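The structure appears below as structure tokens.
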Amino acid sequence: MTDEDAKNLAYTIQHADQLYEENNFQETYDVLRKFSEPDKFGIKWRLARVLYKLSKTVPSPKKEEMIRQGFQLATEALVVNDNDFATHKWYSILLDAKSSLDGIKERVLQLENVKLHIRKAVELNPCDSNSWFVLGKFYYGLAELPWYQKKIVSTVFATPLAGTFEEALECFEKAESIKPNFYSPNHLMLGKAYQALKKTDKAKEFLTLAANVTVHNEDEREAKEEATKLLQKI
């Protein structure tokens, strides 16, 4: 890569990351897609990330198409560089989303891989609050699996995967300690974990934060709606 190519790559990534942080997901996608060397891993995992975000606001089958395309890009990025925390994080997220499209059994079959990659992301960068959030959601999801899915887990794995609300809470608290108020869905999940552990006052505290957020994207909108409904039941 020439110096000029390196500068163009650095500028494209900086521009795309700024747009992403501003929740301009379509613009982020457009900037990344126009880059002359789409095989660069830094372009690939960012495209995977923004496709996942864009998939949240489109109907099926476009949603499914975006998730599968994002998963393919994340897979390719991982092949190029398997020592980057963001690549592992988004591979984990998209693997879970993609396997969910393929049915309950496939999702259960992939749980070990989902866990492996998000734990690798945390290991590579323990200061990334979002990775701790994703790991917390993984443990929370295991803890609340319905009985029929737990039965599938027990038949698939010799040592069944297990997750507890306590483990989930530790991850959400770690995420919050690294970067306070970074993400209203983390407030929602803190509230849900505290509620599951019968700590109602703490649950109300964080659900109220999530319910009162100013919405900037689909994740925040969903968190706000769920937190509002949960508060009405407490």
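The values are calculated or read from the model by the stated rules, or taken from the named source; none is laboratory data. Worth saying up front: this structure is predicted, and the values here are computed from it rather than measured. All Cβ positions, glycine included, derive from the backbone under ideal geometry; neighbour counts span all protein chains shown. Only protein heavy atoms, including side chains, enter the accessible area calculation; ligands, DNA and RNA are left aside. Shrake-Rupley method; radii C 1.70, N 1.55, O 1.52, S 1.80 Å.
Given the structure, is V80 buried (at least 19 other Cβ atoms within 10 Å of the Cβ), among the β-branched types (V, I, T) and either modelled with pLDDT under 95 or on the phi < 0 side of the Ramachandran plot (or both)?
Taking the combined requirement at face value, the residue does not satisfy it.
Quick test for you: out of H216, H187, pick the one residue that is open to solvent by 40 Å² or more (accessible area, probe 1.4 Å) and in contact with an Asp or Glu (Cβ under 9 Å, 6 or more places away or on another chain). Even if it seems obvious, please write down each step before you answer.
On the way: H187 fails: open to solvent by 40 Å² or more (accessible area, probe 1.4 Å).
H216 is the lone residue from the list that is open to solvent by 40 Å² or more (accessible area, probe 1.4 Å) and in contact with an Asp or Glu (Cβ under 9 Å, 6 or more places away or on another chain).
Could you check, for the range 84-92, whether at least one of its residues is closer than 25 Å to L116 by Cβ, among the charged types (D, E, K, R) and under 14 Å from the mean Cα position of the chain (by Cα)?
Checked the range 84-92: at least one residue is closer than 25 Å to L116 by Cβ, among the charged types (D, E, K, R) and under 14 Å from the mean Cα position of the chain (by Cα).
If K34 satisfies every condition in (1) open to solvent by less than 50 Å² (accessible area, probe 1.4 Å); (2) over 18 Å from the mean Cα position of the chain (by Cα) but one, which is the exception?
With respect to (1) open to solvent by less than 50 Å² (accessible area, probe 1.4 Å); (2) over 18 Å from the mean Cα position of the chain (by Cα), K34 is out only on (1).
Could you tell me which residue of the range 1-21 is nearest to T214 (Cα to Cα), considering only residues that are surrounded by 12 or more Cβ atoms within 10 Å (Cβ to Cβ) and acidic (D, E)?
D17
Pick from K179, K198, K204: which is touching a helix residue (DSSP H, G or I) at 6+ places or on another chain (Cβ under 6 Å), at pLDDT 95 or above and open to solvent by 40 Å² or more (accessible area, probe 1.4 Å)?
K179
How many residues are buried (at least 17 other Cβ atoms within 10 Å of the Cβ), outside any loop (DSSP other than H, G, I, E, B) and of a type in the set (D, E, K, R) if we restrict to the range 107-145?
Here the count works out to 4.
Checking F165 against (1) open to solvent by less than 60 Å² (accessible area, probe 1.4 Å); (2) on the phi > 0 side of the Ramachandran plot, which test does it fail?
Unmet for F165, out of (1) open to solvent by less than 60 Å² (accessible area, probe 1.4 Å); (2) on the phi > 0 side of the Ramachandran plot: (2).
Filter the range 47-71 down to residues that are open to solvent by 30 Å² or more (accessible area, probe 1.4 Å) and closer than 23 Å to A10 by Cα, then give me how many there are.
Matching residues across the range 47-71 total 1.
In the range 102-144, which residues are small (G, A, S) and in contact (Cβ under 8 Å) with a residue 12 or more places away in the chain?
A121, S129, S131, G136, G141, A143
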